[in-house]
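Each remark here refers to the structure printed beneath this line.
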Amino acid sequence: MFRYPVGLAHPAAHEAIGDRIAQLRAGGVARVLLVGFSAGGHAAGLAALAPTRLEARADAVILGYPVVSLKKHSHQGSSSVLLRDGDTVERRSALSLEMLVHDGAPPFFVFHSLDDEKVPVDHSLLLSESLRSHGVPHELHLYPVGGHGCGLGAAGVDWTPACASWLAAGDWIEKTIPVDSDGMVRQSIETGC
C-alpha cells in the first residue's frame, strides 16, 4: 500500500505515484497494479493513463466510483484541490481521464453505484466509453444502490467476486472456489469451470 499526498495541487500526487512505481520497478517488481477509490481513483487512473516516465507505467488498474472528468460532471472538491489557482479549460482537459485514454492503455476494472450522489456514475460511463473506443480491455460493473464509499462492502455492491475473476483472468491471482468446509478446488482460469 502507498499513501500518496492528499490535498495538494497537481502534480504532487501524480509525481509521488510515478516515483513509487519507478522505485518498485527498480527493485525488480515486474508488474504493477494500481487501485484507487473516488479521488484516489482519479489519482490511480491518471498515473496509469499518463505515466510520468516509462518506468512509472502501470500494468492494470482497479477503480471504485472514480472521479474521472474535470470537464463533464466535474467533482467540485477534486477540481478545486487539483487545479487551485490554475483552473483553465486546457488544464481540465489535461486532467480528465476520458481525454487521456490511448490504444496502449492498461486494462481497467471499474465499479460504481447508480445512486452515488458525490461522484455521479457518469464518470465511470465516460471512462468506459473512452476505453471501449480505444479498444482497451476493461470491465465496468454498475450497481443499483450503494452510494458513495461502497468499496468496503455496502449491501448490494458485491464487486469483489467479479474483481477476483478479473484478476485471475489477468494472472494476478490464482482463483479458488470453496467446495466444502474442508477443502478448496482450483478453478480453471481458461474455462471458468
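Points to keep in mind about this one:
- Accessible surface of HIS10, taken over heavy atoms with a 1.4 Å probe and every protein chain present, rounds to 50 Å².
- Computed Kirkwood radius, in angstrom, where 1/r is averaged over Cα pairs of the stretch 1-54: 11.3 Å
- Note that the stretch 16-29 has calculated 3J(HN,Hα) couplings of 5, 5, x, 4, 5, 4, 4, 4, 4, 5, 5, x, x, 6 Hz, one per residue in order, obtained from phi through the Karplus relation 6.51 cos²θ - 1.76 cosθ + 1.60 (θ = phi - 60°); glycine and proline are x.
- Normalised by 2.2 N^0.38 Å, where N is the number of residues, the alpha-carbon radius of gyration of the stretch 1-107 equals 1.01.
- For ASP158, solvent-accessible area (1.4 Å; no DNA, RNA or ligand), Å²: 100 Å²
- Full-extension gain in nm, PHE2 to ALA30, via 0.36 nm per residue minus C-alpha separation: 8.4 nm
- As a ratio to 2.2 N^0.38 Å, the alpha-carbon radius of gyration computed for the stretch 29-179 takes the value 1.03.
- For ALA60, residues with placed amide H under 5 Å, excluding near neighbours: VAL32, LEU34
- Accessible surface calculations at 1.4 Å, restricted to protein heavy atoms, place the stretch 1-58 at 51 Å² per residue.
- Long-range Cα-Cα pairs in the stretch 30-71 (distance over 11 Å), rounded percent: 58 percent
- Relative contact order %, the stretch 1-104, counting alpha carbon pairs below 8 Å whose residues are six or more apart: 27 percent
The values are calculated or read from the model by the stated rules, or taken from the named source; none is laboratory data. Here the structure is a predicted model, which means the values were calculated and not measured. When the accessible area is computed, the model is the full protein with side chains, heavy atoms only, and any ligands, DNA or RNA have been set aside. Shrake-Rupley method; radii C 1.70, N 1.55, O 1.52, S 1.80 Å.
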